[in-house]
1. Pick from Arg300, Arg330, Arg296: which is among the basic types (Lys, Arg), closer than 29 Å to Ile393 by Cβ and at pLDDT 90 or above?
2. Which condition does Cys142 not pass, out of (1) part of a loop (DSSP other than H, G, I, E, B); (2) hydrophobic (A, V, I, L, M, F, W, C); (3) in contact with a strand residue (DSSP E or B) (Cβ under 6 Å, 6 or more places away or on another chain), if it passes all the others?
3. Suppose we filter Leu376, Leu405 for residues that are in contact (Cβ under 8 Å) with a residue 24 or more places away in the chain, assigned to a loop (DSSP other than H, G, I, E, B) and touching an Asp or Glu at 6+ places or on another chain (Cβ under 7 Å); which single one remains?
4. Quick check on this structure: which one of Arg362, Arg385 is assigned to a helix (DSSP H, G or I), touching a Leu at 6+ places or on another chain (Cβ under 6 Å) and not assigned by TED's automatic domain parsing to the domain that holds Val89?
5. How about region 373-411: which of its residues are at pLDDT 90 or above, farther than 18 Å from Phe307 by Cβ and touching a Ser or Thr at 6+ places or on another chain (Cβ under 6 Å)?
6. If I ask for residues that are closer than 30 Å to Ile27 by Cβ and of a type in the set (Gly, Ala, Ser), which ones from region 148-194 would you list?
7. When you scan region 167-286 for helices (runs of 4 or more DSSP H) that lie fully inside it, which ones turn up with 2 or more residues that are assigned by TED's automatic domain parsing to the domain that holds His344 and in contact with a helix residue (DSSP H, G or I) (Cβ under 9 Å, 6 or more places away or on another chain)?
8. Which of the residues spanning region 70-84 are within 19 Å of Glu97 (Cα to Cα), surrounded by 16 or more Cβ atoms within 10 Å (Cβ to Cβ) and in contact with a Pro (Cβ under 9 Å, 6 or more places away or on another chain)?
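The values are calculated or read from the model by the stated rules, or taken from the named source; none is laboratory data. These figures come from a predicted structure and were not determined experimentally. Cβ sites come from the backbone with ideal geometry, for glycine too, and all protein chains shown count toward neighbours.
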Amino acid sequence: MGLIQKLPAVVDPLPGGRHLVDAVDTIVNWARANSLWPLTFGTSCCAIEMMASSMPRYDISRFGSEVFRATPRQADLIILAGTIVDKMVEVLKTLYEQLPGPKYVIAMGSCTISGGPFIYDNYSVVKGADRIIPVDVYIPGCPPRPEALFHGLLLLQEKIKKESLRRPWVDTTLHTAPFVNPFTRAALEWETQEKEREPAAAEARAKFAAENPDFKPFKAERVLPPPMPDLPRPAGKGAGLPHGELFDLVRAAFPSVVLHKNEGADRASVDALPSDAPLDFVVPPGEYLAFARFLRDEPRLALDLFFDLTAVDWEQPPAPNGATTPLAHRFHLVVQLLSTVHGHLVFFRVPLAENEVPDDSRKTAVLAEVPSLVPLWPGANFKEREAYDMFGIRFSGHPDLRRLLNPETFEGFPLRKDFTHPAMVKRPY
């Protein structure tokens, strides 16, 4: 397109040259508008509708866009179909820069256009794709149907046909205005208007009550649904060792270990538990690594498969005087193990106390530490990195303890109850 853009300057001065340039414009724009090649790039759930549009039922090839390309070097359209999070920003910018011009962008779905339902209490969702790259066509919906995508393609074709060699394609500007929450603003405006109306409304209510002393407002009777019967929990089939034998093996080796929410459990109460519900042990922090090694190496247990690891941040309870009382153990680190030999599943958790850190740095500081399970189960690598990234729990002895979901420069730990972020918008209710 570089040489052809110089055509008006050369041909326009010639007799009939403007008509020739107009004819070239018509042919070039017709070809470009009817052969848009989208990039294979689906960001979230709206991509399902984008995929459906290429199937025989809808047949996007009718609009010349059936050639989805796997490289931006061979595409001229990005259909942003779904939510965009912060980790996608640099990737999306790079892909857009690698598209040869003229290039276009369609924002498909509410999440792409404004953040959709994720604008509230969320730190990671971008509140509008046009804050990252220029957007040419917006398709609202959650999600928009393929017909809406085709309508957007037709609008983009009309836009392309209005371009010319005299008015060539250029990058549109980004949306740089500060994000304003329209719902919170509307709620505040409504509250202000109600306060202004209240004196007149109170006077009208008093006048109406005086003129109609026998008036009784209609009160709709609430129809309650019939109560649902309590259905008994069907007894499932347990796998591996019975709960009683598992409990006895653990308590014989570690007498200080108890069951979660049932600290005083004995053999009889353990036998009464559902056979398909795994036992959930609470382990003192000092016995965490030894207990995990015992579960793996004891032949009768043989919990050789690391299933999952996560954490719980318990909310601080209020004190009677309105202050907050520090929790003895703020975090619970929960581990799930499976025996591929016997088939039984065991949970165990370790309560972790907070490290002593200054109050002004508490929200961004690592508050707990526990030995890593990677030497016992290499599969714990990513799960421990996730717990470190989201809760700020350090795993001593981990071979590569760094953030997994957030960039290294990210401040704070998103799954803590006290986490805040400048990009988060609080719900108005």
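1. Within the list Arg300, Arg330, Arg296, the selection yields Arg296.
2. Result: Cys142 fails condition (3) only.
3. Among Leu376, Leu405, only Leu405 is in contact (Cβ under 8 Å) with a residue 24 or more places away in the chain, assigned to a loop (DSSP other than H, G, I, E, B) and touching an Asp or Glu at 6+ places or on another chain (Cβ under 7 Å).
4. Arg385
5. Listed by number, the residues that qualify are Gly397, His398.
6. Ala148, Gly152, Ser164 - these are the residues of region 148-194 that are closer than 30 Å to Ile27 by Cβ and of a type in the set (Gly, Ala, Ser).
7. Counting at least 2 such residues, we get 243-253, 267-271.
8. Pro72, Ala75, Asp76, Leu77, Ile78, Ile79, Ala81
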